[in-house]
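The values are calculated or read from the model by the stated rules, or taken from the named source; none is laboratory data. Not measured: the values here are computed from a predicted model. Neighbour counts run over all protein chains shown; Cβ positions are idealised from the backbone, glycine included. These accessible areas exclude ligands, DNA and RNA; they are computed on the full protein's heavy atoms, side chains included. Shrake-Rupley method; radii C 1.70, N 1.55, O 1.52, S 1.80 Å.
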Amino acid sequence: MSKNKIMSTSRKAMALPMGLNFLLLLAMVATNILSLYHLSSTIQSPSPSPPPPVPDHLLRQLSTIRATINHLQPSNKPPSSSSAPSDLLLYTHLSPIASSCKDNPILLHTYMNYTPFSPCPDDSQLAEDLILRGCHPLPRRRCFSKTPSSFPPPLPSDPFSPLPEKFALFTHYTCKTFSCFAKQNPEMGFDMRVEKSRHLTSETDLDLPIPQLLQLAESAKSVIRLGIDVGGGSGTFAAQMKLRNVTVLTTTMNLGAPYSAAVAGRGLVALHAPLQQRLPVFDGTVDLVRCGHAVNRWIPVAAMEFLFFDVDRVLRGGGYLLLDRFFSKRLDLEKVYAPLIGKLGYKKVKWAVASKSEKNGEVYLTALLQKPLIRSTPK
């Protein structure tokens, strides 16, 4: 190739980005001129009256300019010569924040008022408020989370060992140690002497002890190896299952106490997740999902239906759904919740109902339901 041809090709290659920059400059100038035009018309209008709305034709022109700028901006895609697989590159796409965040602008503004690339504000309670309102995953992504200043102790071989006192941040709590919480209320799940006997014995028909649960699965020629405990508090159900060589993930929220830290301090896995979130587990991979006290009539029916069908998604064929002391009004159980559960088409291995409060007409339901191996297609 001659020297003249090489120089001509080089000039053409340089002309493209220069032309692109020129178009971007024109678009920016046009945007500023239109903005000044609208601002001047606002200033000239009578004073106490509110500013006039932006004319429709001006909004259309601004939208067209923005679309043009977005279309002309250089792509962030890697060059075609990149050696990374195309499916792996999908992981680099930033997912948008949950749509419910926009429904809570004051909380969201307060939460996002932070300095990027610096320690995150100490506002875990604010994060809980947003998560409970459906703003999850949280949008804050460019600050460093706070952790205890000391190294954590080794994970205990016994998940019922006393909880390590300096394992968590207690800034937002009156109690500054796990033992303080245990003394305040032994039923909260932080007193290991109390927790060690939970889920092991049966006192009423509502109880389904873990030994009986495993025996029922064995008699059905099934197996329980992996599970999820939805709203599992300090992780006692997962701890008891761990002693029986069963791995259980615990979904928690730090409502009034550092439950997630307690789960982790016991050598278990805590999923900091609200009830309305899709379970972060692949389809058909777990043998058991337990829904404890957190799943009850306080949950809107639509959200509960989504939860049950997501449980169905993660359960393998032959897996079990355990509703442990679900409570509601007796009439609502008959008219609403029993038909809702019935939509799953599961086999009723156990179905026990008992009064919770005669005064309010509330009842408890404990149900063990087995997902069918083969589900018939509805006609």
Discussion item. Taking each pair of distinct Cα atoms in the stretch 158-239 once, what is the resulting Kirkwood hydrodynamic radius in Å?
Written reply: 14.8
Worksheet, complete the sentence: Phi-derived 3J(HN,Hα) across the stretch 304-320 with the Karplus relation (6.51, -1.76, 1.60, θ = phi - 60°), rounded Hz, x for Gly and Pro, is 5, 5, 4, 4, 5, 6, 6, 4, 4, 5, 8, 6, 7, x, x, x, 10
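Multiply the residue separation of Thr247 and Leu132 by 0.36 nm, subtract the distance between their alpha-carbon atoms, and state the gained length in nm to one decimal. List each step's numbers first, then the result.
On the way: separation 115, 0.36 × 115 = 41.40 nm, distance 2.65 nm.
Taking Thr247 through Leu132 to full extension adds about 38.7 nm, to one decimal.
Which value, in debye to the nearest 20, gives the size of the charge dipole of the stretch 220-379 about its Cα centre, when Lys and Arg are +1 and Asp and Glu are -1 at the Cβ? Write out the running numbers ahead of the final one.
Working: 23 positive and 11 negative charges, 93 e Å.
Dipole size: approximately 440 debye.
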Worksheet item: How compact and how long is the stretch 113-161, expressed as Rg and Dmax of its alpha-carbon atoms in Å?
Response: 15.0, 42
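With a 1.4 Å probe and all protein chains in place, put Thr115, Thr285 in order of accessible area, largest first. Before the final figure, lay out the partial values.
Numbers: Thr115 90, Thr285 45 Å².
Ranked list, largest accessible area first: Thr115, Thr285.
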Worksheet item: P(r) for the stretch 195-304: what percent of alpha-carbon pairs falls in each 10 Å bin, starting at zero?
Response: 13, 44, 35, 7, 0
Worksheet item: Which value, in Å² and to the nearest 10, is the accessible area of His172 when all protein chains are kept and the probe is 1.4 Å?
Response: 80
Item to complete: Using a 1.4 Å probe and ignoring any ligands, DNA or RNA, find the accessible area of Glu165 and quote it in Å² to the nearest 10.
Response: 70
Worksheet item: Once label points are set 7 Å from the Cα along Cα→Cβ at both Glu305 and Cys120, what is their separation, rounded to one decimal in nm?
Response: 3.4
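Please work out how much length the chain gains when fully extended from Asp207 to Arg141, using 0.36 nm per residue of separation minus the C-alpha to C-alpha distance, in nm with one decimal.
Numbers: separation 66, 0.36 × 66 = 23.76 nm, distance 4.29 nm.
Result for the pair: 19.5 nm of gain on full extension.
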Worksheet item: the stretch 272-343 to the stretch 167-240: how many Å between their Cα centroids?
Response: 19
Item to complete: Could you work out the Rg to Rh ratio of the stretch 115-200, with Rh taken as the Kirkwood radius (inverse of the mean 1/r over all Cα pairs)?
Response: 1.04
Discussion item. At 1.4 Å probe size, what's the solvent-accessible area of Tyr111? Round to the nearest 10 Å².
Written reply: 10
Worksheet, complete the sentence: For Gly318, other-chain or 5+-apart residues with amide H closer than 5 Å (H placed, Pro excluded) are Lys371, Leu373
Response to the item:
proj_area_mean for the stretch 320-375 (convex hull on C-alpha atoms), units nm², value 3.5
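Please list Leu107, Leu155 from largest to smallest accessible area, probe radius 1.4 Å, with all protein chains kept in place. Don't skip to the answer; put the middle values down first.
Details: Leu107 45, Leu155 120 Å².
Solvent-accessible surface, decreasing: Leu155, Leu107.
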Discussion item. Can you tell me which aspartates and glutamates have their Cα less than 20 Å from the Cα of Lys356? Leave out same-chain residues fewer than eight positions away.
Written reply: Glu187, Glu203, Asp205, Asp207, Asp324, Asp332, Glu334
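In what order, largest first, do Thr110, Thr236 sit by accessible area if the probe radius is 1.4 Å? Working shown, then result.
Details: Thr110 75, Thr236 5 Å².
Most to least solvent-accessible, the answer reads Thr110, Thr236.
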Worksheet item: Any idea how far apart Arg278 and Val336 come out in nm if each label point goes 7 Å out from Cα toward Cβ?
Response: 2.7
